């Protein structure tokens with residue numbers, strides 16, 4: 001035999017041990033077939049349909065479920081039409097009618113919850129005590145214990161894939177109207193986080209009292225972290241006349257648009 005590779009043989013495959021094993025197995029199988037009388041095999045080809053479809057007489061409905069299915073599950077009895085998939089929507093604007101629709105709003109929290117009693121993100125299982133907002137109590141009685149005269153909702157919105165951040169679906173550059181307050185009024189503010197990351201929200205010029213169940217000894221803050229899908233409520237006395245920044249303290253969120261102006265107007269000033 002002349003030198004060089006044999007016709008039909010991939011010389012590179014000969015260097016691969018796995019390929020050698022596969023070739024050996026094929027050769028062994030071929031050898032086993034030698035001498036087999038195929039004519040003696042009692043196969044009845046007449047029952048096979050010509051279209052290559054299902055075999056005649058086979059009840060496929062009686063076949064057991066695939067291995068991936070749960071044993072004993074009756075898939076035929078599952079009524080998918082009865083499942084209320086609408087209740088699981090993560091972008092249902094009917095839950096937040098004041099939020100502007102657009103690509104800057106990726107999700108709407110379907111059931112915002114008070115998470116002020118939970119540790120911060122990444123601190124759930126650290127093996128030691130982690131303070132939460134509900135652990136905080138003011139040592140002194142709050143200076144203003146009046147009930148709020150009105151309440152407002154502010155949604156923290158964004159699109160993490162597009163790096164878009166805003167309040168109520170509108171970034172600062174697109175919404176020039178301030179959030180109005182009247183000097184001396186008591187207002188309840190509900191911050192609702194519709195995004196999938198926490199936001200430390202900060203207001204300039206004022207302190208507020210977190211509503212965490214401590215009555216007239218509520219903790220006083222000027223910044224509060226709102227966890228993903230969470231809701232934080234605080235009461236504020238508008239006691240500093242002027243225009244004040246209100247923004248996320250993750251500054252790249254602020255620069256992206258998660259910022260507004262709170263305007264405290266003097267009593268008797270024109271609306």
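Restricting 209, 177, 185 to residues that are modelled with pLDDT under 95 and either surrounded by 16 or more Cβ atoms within 10 Å (Cβ to Cβ) or over 20 Å from residue 145 (Cα atoms) (or both) narrows the list to 177. Checking the structure you have, find out if any residue of region 148-161 is out of contact with any strand residue (DSSP E or B) (no Cβ under 7 Å at 6 or more places or on another chain) and exposed (fewer than 14 other Cβ atoms within 10 Å of the Cβ). Yes; the residues of region 148-161 include at least one that is out of contact with any strand residue (DSSP E or B) (no Cβ under 7 Å at 6 or more places or on another chain) and exposed (fewer than 14 other Cβ atoms within 10 Å of the Cβ).
Taken over region 118-142, the criterion of being surrounded by 12 or more Cβ atoms within 10 Å (Cβ to Cβ) and more than 19 Å from the chain's Cα centre (by Cα) is satisfied by 130, 132, 133, 134, 135, 136, 137, 138, 142. Screening residue 234 against (1) buried (at least 18 other Cβ atoms within 10 Å of the Cβ); (2) modelled with pLDDT under 95 leaves a single unmet condition, (2).
With respect to being on the phi < 0 side of the Ramachandran plot, surrounded by fewer than 17 Cβ atoms within 10 Å (Cβ to Cβ), modelled with pLDDT of 95 or more and in contact with a strand residue (DSSP E or B) (Cβ under 8 Å, 6 or more places away or on another chain), residue 255 falls outside the description. For residue 228, the conditions (1) surrounded by 20 or more Cβ atoms within 10 Å (Cβ to Cβ); (2) in contact (Cβ under 8 Å) with a residue 60 or more places away in the chain all hold with the exception of (1). Residue-level check: of (1) over 21 Å from residue 109 (Cβ atoms); (2) modelled with pLDDT under 95, residue 204 misses just (2). Residues being at positive phi and free of Cβ contacts under 8 Å to residues at least 24 places away in the same chain: count how many of those fall in region 171-192. So the answer is 0.
The values are calculated or read from the model by the stated rules, or taken from the named source; none is laboratory data. Computed from a predicted structure; not experimentally measured. Note that each Cβ is placed from the backbone with ideal geometry, even for glycine, and that neighbours are counted across all protein chains shown.
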